[in-house]
Amino acid sequence: MGFATSEDARHLSADVDRSVKVLVVGAYGVGKTTLIDAVSEIPMLRTEEQITTASVGVDPRRGAKDTTTVAMDFGRVTLGASTALYLFGTPGQRRFWDLWAGLADGAVGVLVLVDTRWLEDSFEVLDQLEEHSRLPIAVVVNQFPDSPRHPDPEVRRALDLPPETPVVSGDVRERPHAVAALVALVEHALRRQGAGSVAA
């Protein structure tokens with residue numbers, strides 16, 4: 001897997017001949033911003049705001065997290081030499097879910113982040129996608145230091161995912177893990193479109 005690392009990384013290579021939009025979703029605090037930041041070869045656009053006392057009793061408190069995405073995150077990563085992924089991360093709180101439909105417009109697929117410490121939060125996210133989107137999805141289980149480890153088939157059963165839905169696990173702070181999840185999603189989406197695969 002190659003990444004642009006020069007000072008010109010923010011400019012697309014002339015070799016790029018395919019651009020793919022990917023939506024990154026998940027419940028509050030699962031690591032969406034972290035994943036995009038880990039892989040983006042351009043300065044990531046963040047719309048994070050400080051959590052205030054107004055969120056007490058409304059939003060869950062997740063460890064030391066003191067900011068939250070209120071509009072979207074945006075980054076870009078080039079896979080291989082010819083495919084550019086444009087990553088759009090969504091806010092996790094239910095009150096922001098109306099934004100998802102607009103952000104999903106033109107996307108090839110949806111990467112769903114899951115935290116096994118609060119797996120039940122992912123049911124609502126998947127229900128929302130099933131109700132409002134026909135896009136292919138892949139699930140990445142973000143392995144927080146204190147999260148219980150479960151084999152991917154167990155996670156698939158717990159979330160009642162179709163057998164063709166990719167499920168991968170990893171620490172999305174680590175670029176190789178985050179990229180593996182994105183590659184799994186894009187190749188799944190392209191298979192459904194009959195458009196081949198992405199060079200990893």
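Only one of Glu187, Glu120 is farther than 16 Å from Lys21 by Cα, free of Cβ contacts under 8 Å to residues at least 24 places away in the same chain and of a type outside the set (A, V, I, L, M, F, W, C). Can you tell me which? Spell out how you get there, then give the answer.
Working: Glu187 fails: farther than 16 Å from Lys21 by Cα.
Of Glu187, Glu120, the one residue that is farther than 16 Å from Lys21 by Cα, free of Cβ contacts under 8 Å to residues at least 24 places away in the same chain and of a type outside the set (A, V, I, L, M, F, W, C) is Glu120.
Listed here are the residues, each with its yes/no results for (1) in a loop (DSSP other than H, G, I, E, B); (2) modelled with pLDDT under 80; (3) in contact with a Lys or Arg (Cβ under 6 Å, 6 or more places away or on another chain); (4) surrounded by 14 or more Cβ atoms within 10 Å (Cβ to Cβ).
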position	(1), (2), (3), (4)
Arg10	yes, yes, no, no
Asp15	yes, no, no, no
Tyr28	yes, no, no, yes
Ile42	yes, no, yes, yes
Ala54	no, yes, no, no
Asp59	yes, yes, no, yes
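Do you know which residues across the range 123-150 are under 15 Å from His177 (Cα atoms) and touching a residue at least 12 places away in the same chain (Cβ under 8 Å)?
Within the range 123-150, Ala138, Val139, Val140, Val141, Asn142, Gln143, Phe144 meet the criteria.
Would you confirm, using the coordinates I've provided, whether Ala104 is of a type outside the set (Val, Ile, Thr), surrounded by 17 or more Cβ atoms within 10 Å (Cβ to Cβ), out of contact with any helix residue (DSSP H, G or I) (no Cβ under 7 Å at 6 or more places or on another chain) and modelled with pLDDT of 90 or more?
Details: of a type outside the set (Val, Ile, Thr): yes; surrounded by 17 or more Cβ atoms within 10 Å (Cβ to Cβ): yes; out of contact with any helix residue (DSSP H, G or I) (no Cβ under 7 Å at 6 or more places or on another chain): yes; modelled with pLDDT of 90 or more: no.
In short, no.
A quick yes/no check of all residues on (1) of a type outside the set (Lys, Arg); (2) surrounded by 13 or more Cβ atoms within 10 Å (Cβ to Cβ); (3) in contact with a helix residue (DSSP H, G or I) (Cβ under 8 Å, 6 or more places away or on another chain); (4) over 18 Å from Thr33 (Cβ atoms):
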{"residue": "Thr116", "(1), (2), (3), (4)": "yes, yes, yes, yes"}
{"residue": "Arg149", "(1), (2), (3), (4)": "no, no, yes, yes"}
{"residue": "Val155", "(1), (2), (3), (4)": "yes, yes, yes, yes"}
{"residue": "Leu159", "(1), (2), (3), (4)": "yes, yes, yes, yes"}
{"residue": "Arg173", "(1), (2), (3), (4)": "no, yes, yes, no"}
{"residue": "Ala180", "(1), (2), (3), (4)": "yes, yes, no, yes"}
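Can you tell me which residue within the range 104-162, out of those that are in a helix (DSSP H, G or I) and hydroxyl-bearing (Ser, Thr, Tyr), is nearest to the chain's Cα centre (by Cα)?
Across the range 104-162, the extreme among qualifying residues is Ser122.
The values are calculated or read from the model by the stated rules, or taken from the named source; none is laboratory data. Remember, predicted model here, so these are calculated numbers, not experimental data. Note that each Cβ is placed from the backbone with ideal geometry, even for glycine, and that neighbours are counted across all protein chains shown.
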